[in-house]
């Protein structure tokens, strides 16, 4: 049972680290590099930023049931990120996408290795958090 708690704490801490890095990365892009976020970027931020606070508090309080709150945020955030990435990389979808405001959502501020864009980074972070919390759920179920 003690090793089960340590595993849960490790998953929880790792998910907090991922959310913290994702938040700091988005702030770096917008505040330091002066990249203006598009509307879909703002929606992704809306789902990522609260995770830093929620996961930090739950780790400090050893609240392992936090997956109930983080899974919906991660799922919705990952779907927005996947859609955003799709309109950037799949021309068929991008050509038919909705208008995104002042900054086009199809724009790519970064394109590392030909496929890593900001929505890809956000999607990766959401998926990592999602996997961590599925593992927390499994460990809780195993210990019950």
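The values are calculated or read from the model by the stated rules, or taken from the named source; none is laboratory data. In this text the structure is predicted, and so the values were computed from the model without any measurement. Backbone-built Cβ (ideal geometry, glycine too); neighbour counts: all protein chains shown.
General observations
- Residues within region 117-144 that are under 21 Å from residue 76 (Cβ atoms) and in a loop (DSSP other than H, G, I, E, B), tallied: 1
- Residue count for region 24-39, restricted to those that are part of a helix (DSSP H, G or I) and modelled with pLDDT of 95 or more: 9
- Hits in region 52-69 - residues which are modelled with pLDDT under 95, in a helix (DSSP H, G or I) and within 17 Å of residue 10 (Cβ to Cβ): 64, 65, 66, 67
- Going through (1) more than 15 Å from residue 41 (Cα to Cα); (2) in a helix (DSSP H, G or I) one by one, residue 114 falls short only on (2).
- Among residues of region 82-108, those that are in contact (Cβ under 8 Å) with a residue 12 or more places away in the chain and either in a loop (DSSP other than H, G, I, E, B) or within 21 Å of the chain's Cα centre (by Cα) (or both), counted: 16
- Residue check, residue 119 under 18 Å from residue 22 (Cα atoms), at pLDDT 95 or above and crowded, with 18+ Cβ neighbours inside 10 Å: yes
- Within the span defined as region 90-110, every residue fails to be surrounded by 17 or more Cβ atoms within 10 Å (Cβ to Cβ) and modelled with pLDDT of 90 or more.
- The criterion of being out of contact with any helix residue (DSSP H, G or I) (no Cβ under 9 Å at 6 or more places or on another chain) and either closer than 21 Å to residue 115 by Cα or touching a residue at least 40 places away in the same chain (Cβ under 8 Å) (or both) does not hold for residue 36.
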